[in-house]
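For reference, the structure is listed below as structure tokens.
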Amino acid sequence: MRIGVFVCQCGTNIAATVNTGEVAEAAMAMRNVAHAESIQYSCSEPGQKAIINAVHRHGLTRVVMAACSPRMHETTFRRTVNQAGMNPFMLEMVNIREHCSWIHSDMEEATLKAIDLVRKGVARVRDQAPLHPDTVPVTMGALVIGGGVAGIQAALDMADAGIPVTLVERESTIGGNMARLDKTFPTLDCSSCILTPRMVEAKQHENIRLMVNSEVEQVRGYIGNFEVDVRRKATCVNEEKCTGCMICEQKCPGKAPDEFNVDVGESKAISVPFPQAVPLVAKLRKEHCRLFIKGKCSVCQKVCPADAIDYEQEDEVLTEKFGAIIVATGYDTFDWKAAYPEYGGGHYPDVITSLQYERMLSASGPTGGHVKRPSDGEEPKNIVFISCVGSRDPSIGRPLCCSVGCMYTAKQAILTKEHIPDSRSYVFYMDIRASGKGYDEFTRRAQEEFGAVYLRGRVGKIYPRGGRLVVMGVDTLAGEQVEVEADLVVLATGLSGAGGADELARKLNISYDRYGFLSEGHPKLRPVETNTGGIYLAGACQAPRDIPDSVAQASAAAAKAAGLLSRGELETSPMVAEVDWMRCTGCFKCRDVCPYGAIEEEGLRDGRTVARVIPSLCQGCGVCNVACPPSVISLKGFTDNQLIAEVVELLR
Amino acid sequence: MAEQNLKIIGFLCNWCSYAGADMAGMARMKQPADLRVVRMPCTGRVNPLLVLKAFQEGADGVLVSGCHPGDCHYTDGNYYARRRLELLARMLPALGIEPERFHYTWVSASEGARWTQVVEEFTEQVQSVSSGREAE
């Protein structure tokens, strides 16, 4: 056995705090080490070449790389040693950058620690056996969860590449939050005009199957071969038969909250969310339906010309296999009422959210595009916009920036002037964050061309006075208190991950943050991947983001998924558990703890029944190793011997 | 305070805590140098006997850290870990090992600052129990 140790300087990243020469020298004294050297940049082309040359020159059979985190470059160096003719798993990475040079300042201490870590790596690689990856076929097909603009874009991109796509949406129509918007910044494109054609395209695409009123219930399997249960919830409307004529909605006597219009206006127990919905079908909400509450009604069934109403309809669960999953569950706006009692906490009808205001501005909205005060239906003249409600506010535990508030507030100020020419808009803001293409120019137009008055400061209190609202704030630039009498106050509420995203994340085994946003694989280099292979993120489910960024990320996610699916088959990690069947007693404690059902019974010719690991199902967690009473099931690459050797060497 | 160099072993799961420790490194958060990390696929792979082995070999302290309950990369490996390690923690006094020398916790991939804090606090804790023993 001839072990080579390469100590990377990483420029000065490591060499500034760890004496790499001394580490290499110390490594030469370790058992079985035939060669050790310090390399300036080992991941670079010349660095890798030096490693390959050393392997040949010194006849190395195992390699220890003391460099950065294995999460960073393990695959790189596995490839390098493979190029040198070695089994790629005969490499051990020792992390002397993130776990050593970057977190210590004393050179002597850091160098001693690095030597310890190298000794541990050498001990571990001594017990390493060559491993050979298996291949599994990839299921050709992708699941997109969430039918907002990001989900639609990802689905269309993949479908155009010839991939069968299932698009799952929990509401009764696709379109998401973008369908609620009137116009979009900074071009003032009408949101429906650019979105609805794409919605229709998604519905009509031969490679896309649309499933509305549906939610992912369970996810099994792994990259390339997920098996997903999708529950289609009963809506009492036969989707095939319904023509979207809305006669049921007109005749329905049961009033219900209008979710699509964020409670601006009212809806019916059976309704189509909006006239451009895709698919254009009605949905009955049992909790508001007279038939289900009082046991008597069925008006919709009587009036439906298509015979589409079916009160007996039941949930259906569909199980299907997919190679890749794209999550595009979007965002919810922050529920401000409990957090901001100083803004009335929801008790003043004329304090509304920006999304509600958006529905008022929309020509297809419940007010027909006329801005009206909710309290008396009058047209407001003085409108106050308050930025950062639930954003950049550590006092309520939400220090994050919503990233779109500055822009949509400027847009709404502009649209207000267009709707009500004799109106005046006031915008209380903290900073104007307008870094996108054409964004800053747009916020300036709101002020210079459309006369919006921008006041830099927070609002401390809103209270009613004589039918109007008094907005008390501070203008930090003028250094004085300001009071504005407003007819209508619009709150630019912050964003959180969509409700239920955390639950979905747990089903998918991906992580999420405290705001319900899903976590990307790496903030810079893996922005659309998650830490679970084969699952990608698109749009505002990952972080607050605007439409162009959501669309761009959706296309990126689609490209990643298409790349995975185009491979046809996948290498599986060979670091799986293995049973020593000679010594297995057949107690199956391993099977009880295995989260993947990767243990099966195997009958031997001598009549014994022993455990066998199904390599394609095993994910390599090693939980079974600890459960096994005689310790005869062993995770390759993390065997008991290797771990004990590491511990012993560290404590020498 | 005259501090002796300690030997502390940290068993970190690859997906959360190891990545969290990487994150601390990327943010250049300085921490005591007494801890040596052993990378594990999952805290569910941490055999309590391995922890005892470390003490037997002379470790001053052993720290185990994994994904937060509910966030395990392998669904529920850390739940097994929690049961096993809690039992171990309660057994340590019977084996003559001060319970302060052992700690298990959860640090996610984004909690670099928390990881640094965990290392600082645990190092201090082991330091104080070690110097207390010397004084005896």
If packing is taken as the average number of other Cβ atoms within 10 Å across a peptide's residues, how do A:471-484, A:339-352 rank, most packed first? A:339-352, A:471-484
Could you tell me which of A:Ser550, A:Val482, A:Gly451 has its Cα farthest along the dipole of region A:416-556 towards the positive end, charges placed at Cβ (Lys, Arg +1; Asp, Glu -1), taken about the Cα centre? A:Ser550
At 37 °C and 0.692 mPa s, the Stokes-Einstein diffusion coefficient in µm²/s for region A:247-303, with hydrodynamic radius from the Kirkwood sum on alpha carbon pairs, is 285 µm²/s
Partner chain Cβ atoms within 10 Å, averaged over the residues of A:636-647 - can you pull that number for me? 4
So what's the net charge close to A:Leu181: Lys and Arg +1, Asp and Glu -1, counting the other residues with Cβ under 12 Å from its Cβ? 0
Taking 7 Å along the Cα-to-C-beta vector as the label spot, tell me the A:Arg444-A:Gln250 distance in nanometres, rounded to one decimal. 5.1 nm
Please list, or write none, the lysines whose alpha carbon is within less than 16 Å of the alpha carbon of A:Lys372, excluding same-chain residues fewer than 8 places away. A:Lys381, A:Lys417
With unit charges on the beta carbon (Lys/Arg positive, Asp/Glu negative), name the residue among A:Ala66, A:Ile414, A:Ala434 whose Cα is farthest towards the positive pole of the charge dipole of the protein assembly as shown. A:Ala66
Excluding A:Pro615 itself, calculate the net charge of residues whose Cβ lies under 13 Å from the Cβ of A:Pro615, where each Lys or Arg counts +1 and each Asp or Glu counts -1. -2
Counting only other chains, and only Cβ atoms inside 10 Å, what mean value do you get across the residues of A:506-515? 3
Tell me the trypsin sites (Lys or Arg not before Pro) within region A:503-538 that lie in a loop according to DSSP and have at most 13 other beta-carbon atoms within 10 Å. A:Arg514, A:Lys524
Per residue of the protein assembly as shown, what 222 nm ellipticity follows from adding -39500 (n - 2.57) for every DSSP H run with n ≥ 4, rounded to the nearest 500? -9000 deg cm²/dmol
If the only charges are +1 at each Lys and Arg Cβ and -1 at each Asp and Glu Cβ, what is the size of the charge dipole of region A:516-564 around the Cα centre, to the nearest 20 debye? 100 debye
Each residue of region A:169-183 in turn: what ³J(HN,Hα) in whole Hz from Karplus with 6.51, -1.76, 1.60 and θ = phi - 60°, glycine and Pro shown as x? 10, 7, 7, 8, 9, 7, x, x, 5, 4, 5, 7, 7, 7, 10
Using unit Cβ charges (K, R positive; D, E negative) and no other charged atoms, how large, in debye to the nearest 20, is the dipole of chain B about its Cα centre? 460 debye
Looking only at lysines whose Cα falls under 26 Å of A:Lys113's and that sit 8 or more positions away or on another chain, we get B:Lys7, B:Lys30, B:Lys53
In degrees between 0 and 90, to the nearest 10, how far off the longest principal axis of chain A does helix A:191-204 point, with axes built from Cα atoms? 60 degrees
Taking θ = phi - 60°, what integer Hz values does the Karplus form 6.51 cos²θ - 1.76 cosθ + 1.60 yield along region A:302-310, in sequence order, with x for Gly and Pro? 5, 8, 5, x, 9, 6, 9, 8, 9
Along region A:342-350, what does the Karplus equation 6.51 cos²θ - 1.76 cosθ + 1.60 (θ = phi - 60°) give for ³J(HN,Hα), rounded to whole Hz, x for Gly and Pro? 5, 9, x, x, x, 8, 9, x, 8
Give the peptides A:293-304, A:615-626 in descending order of average Cβ contacts within 10 Å, highest first. A:615-626, A:293-304
Compute the long axis of helix A:149-160 from its Cα atoms, compare it with the longest principal axis of the Cα atoms of chain A, and write down the angle in degrees, 0 to 90, nearest 10. 60 degrees
Kirkwood hydrodynamic radius (C-alpha pairs) into Stokes-Einstein, region A:3-126, 25 °C and 0.890 mPa s, D in µm²/s: 179 µm²/s
For A:Glu320 and A:Glu600, FRET efficiency with R0 = 30 Å and r from the beta-carbon atoms, rounded to 0.05? 0.80
Stick to Cα atoms and the Kirkwood definition of Rh, then tell me Rg/Rh for region A:333-377. 1.02
Partner shielding of A:616-629, taken as the mean number of other chain Cβ atoms within 10 Å, equals 6
Ignoring solvent entirely, what values of log10 I(q)/I(0) come out of the Debye formula for region B:1-98 at 0.18 Å⁻¹ when each Cα is a single scatterer? -0.89
Rg/Rh over Cα atoms for region A:180-339, Kirkwood Rh, comes to 1.00
Size of charge dipole - region A:307-406 - debye, nearest 20, with Cβ of Lys, Arg +1 and Asp, Glu -1, no other charges: 860 debye
Given Cβ charges of +1 for Lys and Arg and -1 for Asp and Glu, the option among B:Trp15, A:Asn261, A:Ala338 whose Cα lies farthest towards the positive end of the dipole of the protein assembly as shown is B:Trp15
Please compute P(r) over all alpha-carbon pairs of chain A, binned at 20 Å starting from zero, and give each bin as a whole-number percent. 16, 38, 31, 15, 1
For a quick check of your reading of the filter: which GluC sites (Glu not before Pro) in region A:384-465 sit in a DSSP loop and have no more than 11 other Cβ atoms within 10 Å? A:Glu449
How charged is the neighbourhood of A:Lys372? Take every other residue with its Cβ under 9 Å from the Cβ of A:Lys372, and add Lys/Arg as +1 and Asp/Glu as -1. -2
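FYI, it's all coordinate maths here, none of it is from the lab. Keep in mind it's a predicted model, so treat the numbers as computed, not measured. Note that we place each Cβ from the backbone using ideal geometry, even for glycine, and neighbour counts take in every protein chain shown.
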